[in-house]
Amino acid sequence: MTLWYIFFTAVVVGLSGAMMPGPLLTVTITETARRGFIAGPLLILGHAILEGALLIALGLGLGSFLTEPTVSISIAMIGGLFLAWMGFQMAKDSYRERVKLKDFEDIEPISQSNSMHPILAGILVSLSNPYWTLWWATIGLGYITMSLKYGLAGIISFFIGHILADLGWYSLVSAGVVNGKRFLSQSVYRIIIIICGVFLLFLGVSFIYYGLTSTLSVNH
């Protein structure tokens, strides 16, 4: 096993996670439609900031703490509430025609009160997903253990490979959304936003349900 092995396997494993539909993918699509291509890389920048901090924390022993039932349940509940709120706001604002496709190059934000910078959104959306935390507490922690055999160079190789996978995929998604804008009408755009909002709302409710059922199983 070499540093290149760590790097390339981190890319593959990162792609396998990034390509799965989830909250970050949904937000990338909607934010790109509003802000343009730059939304994808900015969301991943926020995602990378959070993962870099978590990577350091896991290296210092946070992994065992994250696997505690009370902690994972709390993450699921709080994350579910956040995703449900975000999805509801997206669907509501689109239904009320607060989201307007002005032309093929410029899309108005949902509203000033609900506006969130993509970097912050990348952090919060990632943090709100309990499966993201579970991935890092298991697979991610295993990679850190493996990479630490090479010291700091191993950790850097793993992190760069993992983030490049995310950046490559979500940049591709953003490019696809931007190139597809010319085919969007106002009504189609609103429907897409509503669907994305409902999807986030569904994910939020499912996370809350997971937290509630886990709480009941722990208590019994």
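Based on what the data block shows, is Leu60 buried (at least 18 other Cβ atoms within 10 Å of the Cβ) and either out of contact with any Phe, Trp or Tyr (no Cβ under 6 Å at 6 or more places or on another chain) or hydrophobic (A, V, I, L, M, F, W, C) (or both)?
no
Which ones in segment 46-86 are part of a helix (DSSP H, G or I) and hydroxyl-bearing (Ser, Thr, Tyr)?
Keep residues of segment 46-86 that are part of a helix (DSSP H, G or I), which gives 46-59, 63-66, 69-86.
Matches in segment 46-86: Ser64, Thr70, Ser72, Ser74.
Examine segment 36-44 for a residue that is touching a residue at least 12 places away in the same chain (Cβ under 8 Å), open to solvent by less than 20 Å² (accessible area, probe 1.4 Å) and within 14 Å of Trp132 (Cβ to Cβ), and state whether such a residue exists.
For segment 36-44, residues touching a residue at least 12 places away in the same chain (Cβ under 8 Å), open to solvent by less than 20 Å² (accessible area, probe 1.4 Å) and within 14 Å of Trp132 (Cβ to Cβ): present.
When you check Leu43 against the structure, is it under 21 Å from Phe158 (Cα atoms), modelled with pLDDT of 80 or more, part of a helix (DSSP H, G or I) and in contact with a Pro (Cβ under 8 Å, 6 or more places away or on another chain), yes or no?
On the way: under 21 Å from Phe158 (Cα atoms): yes; modelled with pLDDT of 80 or more: yes; part of a helix (DSSP H, G or I): yes; in contact with a Pro (Cβ under 8 Å, 6 or more places away or on another chain): yes.
So Leu43 fits the description; yes.
Tell me which residues, restricted to segment 131-150, are of a type outside the set (A, V, I, L, M, F, W, C) and surrounded by 16 or more Cβ atoms within 10 Å (Cβ to Cβ). Please lay out each step first, then the result.
Taking segment 131-150 as the starting set, the residues that turn out to be of a type outside the set (A, V, I, L, M, F, W, C) are 131, 133, 138, 140, 142-143, 145, 147, 149-150.
Matches in segment 131-150: Tyr131, Thr133, Gly140, Tyr143, Ser147, Tyr150.
The values are calculated or read from the model by the stated rules, or taken from the named source; none is laboratory data. The model shown is predicted, which means the values in this text are computed figures rather than measured ones. No Cβ is skipped: glycine too gets one built from the backbone with ideal geometry, and neighbour counts run over all protein chains shown. Only protein heavy atoms, including side chains, enter the accessible area calculation; ligands, DNA and RNA are left aside. Shrake-Rupley method; radii C 1.70, N 1.55, O 1.52, S 1.80 Å.
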